[in-house]
Amino acid sequence: MRFYEYESKALFARHRLPLGKGGVARSREEAASVAREIGGPVVLKSQVLSGGRMKAGAVKFADGPDECPALFDQILPIEVNGQKARSVLVEEKSPVAQEYFVSVTWDGRRKLPVLLFSDMGGIDIEEVAEKHPEHVSKTHFSSILPITPRIAKEAIAATGVSGGHLNKLTPIVFELMKIFLEYDLTLAEVNPLARLEDGRFIVLDGHVDMEAEARGRHKALLAELGVGEDETRQAREPTAFEIAGRKVNEVDHRGVAGNVVEFDGNLGLVIGAGGGSLTLFDAVRKHGGKPANYCEIGGNPSVTKACELTKLILSKPGVEKIAVMMNVVSNTRVDIVARGVVKGCLESGKDPKDVIAIFRIPGSWEDEGFKILEKYGVEYCDRSISMYEAAGKAVAKMGGATS
Amino acid sequence: MSILITKDTRFLIQGITGREAVNLTRENLDYGAQIVGGVTPGRAGRDVYGVPVYDCVSDVVAAHGKVQGSIVSVPPAFVKDALFEAIENGIEIVVVVTENVPRKDVAQAVELARLRGARIIGPNCLGIISPDEAKMGGVGGPAANTRQAYKKGNIGIMSRSGGMTTEIASTLTAAGLGQSTCVSIGGDAIVGTTYAELMPLFEADAETEAIAIYSEPGGRMEAELAEWVKANDSRLPIVAFMAGRFMDEMKGMRFGHAGTIVEGKEDTTSEKIARMEAAGISVAERIEEIPDLIRKRLNRKGEN
């Protein structure tokens, strides 16, 4: 779950990381008043959950408060990579002598936190690593043994930084390592960390991601930062269809019938489970089919859940038929899904045999499930028909459909 | 032989009185598992299908002697402590079925496991099966379904999806290819044991002749496997199936498992496929191509 820059900085402030003067502006007047308090040149930065702000024109500079309202109006409506701005951060703009890069993340291969440091900050770190590998250090550290500042010192010194700069950078970098572990972050990044011409070191820009699964442990922090419990902070805002999908999954605690993602095709998909859904979605596309949605069912959902999910997908404008498909199931019961899906069709006023293009869920309780489908004349197949072939049957039926 | 577990592996279940764990107990017992005890704090003295319940892992060990394995099926917030308890009581292999465990908890338990010489499989997995020997976890479901999909043989399976482990096994079985050991390694960003970490075990297992893997977008696990295969000149032909190809165009969106997200170029399926193919791993477009690809690779080897 990504934090806005101003939230990341509020978290840094709690830990006394050095920050420039500044404040969040939610109106054009506020932008001017924050700038007035700062005094001198300022930078206005769109608060948006995406990188690439500078390129999009969502970062502007002003000599003083007078220009700020107009710049605020310019920046706020700009969407960066499909993300809308929430507010504008107004901060002091001071002459920078040097920029550093600091980032802490997880290394899934070593299963350890890893600290990346470079004395060539401000630009794309992957480019620096490629062209100037001696200016980037990569240091793994333990998540259970006590950590001390020497890890940060060694990482910084490895890039050739020495003298007073090394001693000033060490506590800042060490604090970021501690913040990373304390708040279950998946990323804690400061880029750039600037040395100003007046000798101060300050965090110019920062970016923090908290693991969604750990939100429950950090309720106090999230409340303090004003992060709402329903904010998903995904790559794009959820659609009304996706929000309705989440509600379906919440009807009871039995199994999963959710993770609905909207697409603009005509073939509704009632698919599962985690890996099976990815496999089936690919298969439908490979056959030239146009999925109306992605979803996942699994963990033995109730009849009600399967029924409500079916109704939701059938209610989506443009959906002509649905394909009900899963890998060989072990824990989910075929008969329960069959009953739920058939019920969903009937309650939507559709004939299951017309609207279900194919039913391919083999596995536990399949005989009972297939009996139900036979009764309603729905075409089904067992494990002798592959997931890929089943997707092909569904897509073929769409070709024959007249709308 | 098989890897990780045999019919003699004695294990316990942490969180045994939970709804899912009760099913697990039934299914594993029916498949012949040696479940010596279960743990649910405060529920000592009860039993689940005849398996005695204790408050602590140390009580199980005290009552039954050496226990090799444990299945952890407790709510996400309690997984780390359950893992620490298992490892500190001498358990050598722990299968974590729980979903939604924060990765710091997993990483911390993995570090402790390394210090103590233990191994973690999962989280967010269905466990391990060596057909006709034993299973440890929900893989394959009820024993009758498990026997239908899995047959003893010479193919190892490693999969980031529990359900797809069974789909692949079922496809291999239908084609007359049995399995040595199948491991559902888990769908999270950090898992206890990766493909590359299982490879030395399969490599050393005389029964295993080839490997089938199921993989997805996200993470560096496939790159790690490709490097391992090249560096160790593996004797085992590997056939991989890559799901989620559509996600390459959908940066930042999370589909399927928690570990499945495309953030950078290295997370994409096209990049992973290229790396695996460069290491000599065959990549199947469809699950049903796996048996033929394996046979082709095995025959070619026979000709040399």
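Annotations
- Farthest towards the positive end of the charge dipole of the protein assembly as shown, among the residues B:V183, A:G206, A:S87, is the Cα of B:V183, using unit charges on the Cβ of Lys, Arg, Asp and Glu.
- Debye, to nearest 20: dipole size of region A:96-183, +1 on Lys, Arg Cβ, -1 on Asp, Glu Cβ: 420
- Protection-proxy order for peptides B:235-244, A:168-177, each taking the mean of Cβ atoms within 10 Å per residue, highest first: B:235-244, A:168-177
- With coordinates expressed along the principal axes, the C-alpha atoms belonging to chain A extend over 81, 50, 40 Å, beginning with the largest.
- Hydrodynamic estimate: the Kirkwood radius of region A:21-92 over Cα pairs, inserted into Stokes-Einstein at 20 °C and 1.002 mPa s, corresponds to D of 185 µm²/s.
- Summing +1 for each Lys or Arg and -1 for each Asp or Glu among the other residues whose beta-carbon sits under 14 angstrom from that of A:G288 gives +4.
- For region B:18-135, taking the reciprocal of the average inverse distance between every pair of different Cα atoms yields a Kirkwood hydrodynamic radius of 14.4 Å.
- Each of B:C125, B:C182 was scored by other Cβ atoms within 10 Å of its Cβ. Listed from fewest to most, they are B:C182, B:C125.
- The protein assembly as shown - convex hull of the alpha-carbon atoms, volume per residue in Å³: 163
- Net dipole in debye of region A:147-242 [+1 Lys, Arg Cβ; -1 Asp, Glu Cβ; about Cα centre; nearest 20]: 580
- Helical runs assigned H by DSSP (4 residues or longer) give chain B a calculated mean residue ellipticity at 222 nm of -11000 deg cm²/dmol, each run adding -39500 (n - 2.57) before division by the residue total.
- Checking the cross-link pairs A:K93/A:K168; A:K321/B:K272; A:K219/B:K251; A:K247/A:K290; A:K84/A:K397 against a 30 Å limit on the alpha carbon distance flags A:K321/B:K272; A:K84/A:K397 as lying beyond it.
- Expressed as a fraction of 2.2 N^0.38 Å, the C-alpha radius of gyration for region A:249-395 is 0.89.
- Inter-part distance where region B:244-290 and region A:220-251 are each reduced to a Cα centre, Å: 27
- Spatially proximal lysines relative to B:K7 (Cα-Cα < 30 Å; intrachain offsets below 8 disregarded): B:K66, B:K80, B:K135, B:K151, B:K152
- Protection proxy ranking of A:325-332, A:244-251 - average other beta-carbon atoms within 10 Å, highest first: A:325-332, A:244-251
- The residue among B:A204, B:V262, B:P217 whose Cα reaches farthest toward the positive pole of the charge dipole of chain B, with charges on the beta-carbon of Lys, Arg, Asp and Glu, is B:A204.
- Rg(Cα)/(2.2 N^0.38 Å) for region B:10-303, N = residue count: 0.99
- Computed log₁₀ I(q)/I(0) - Debye formula, equal Cα scatterers, no solvent, region A:96-225, q 0.20, 0.22, 0.23 Å⁻¹: -1.18, -1.36, -1.45
- Region B:127-190: radius of gyration over Cα atoms, expressed as a fraction of 2.2 N^0.38 Å: 0.99
- The helix-only estimate of mean residue ellipticity at 222 nm for chain A, built from DSSP H runs of length n ≥ 4 each weighted as -39500 (n - 2.57), is -11000 deg cm²/dmol after division by the residue total.
- Fewest-first sequence of B:W228, A:W106 by Cβ atoms within 10 Å of each Cβ: B:W228, A:W106
- Kirkwood-type radius of region A:1-43, with distances r between different C-alpha atoms, in Å: 11.6
- Across peptide B:166-172, the average count of Cβ atoms from other chains found within 10 Å of a residue's Cβ is 5.
- Per-residue packing, averaged as other Cβ atoms within 10 Å, sorts the ranges B:41-51, A:46-56 into the order A:46-56, B:41-51, beginning with the highest.
All of the numbers you see were taken from the coordinates with simple rules; none came from a lab. Quick caveat: nothing in here was measured; it's all calculated off a predicted structure. Neighbour counts run over all protein chains shown; Cβ positions are idealised from the backbone, glycine included.
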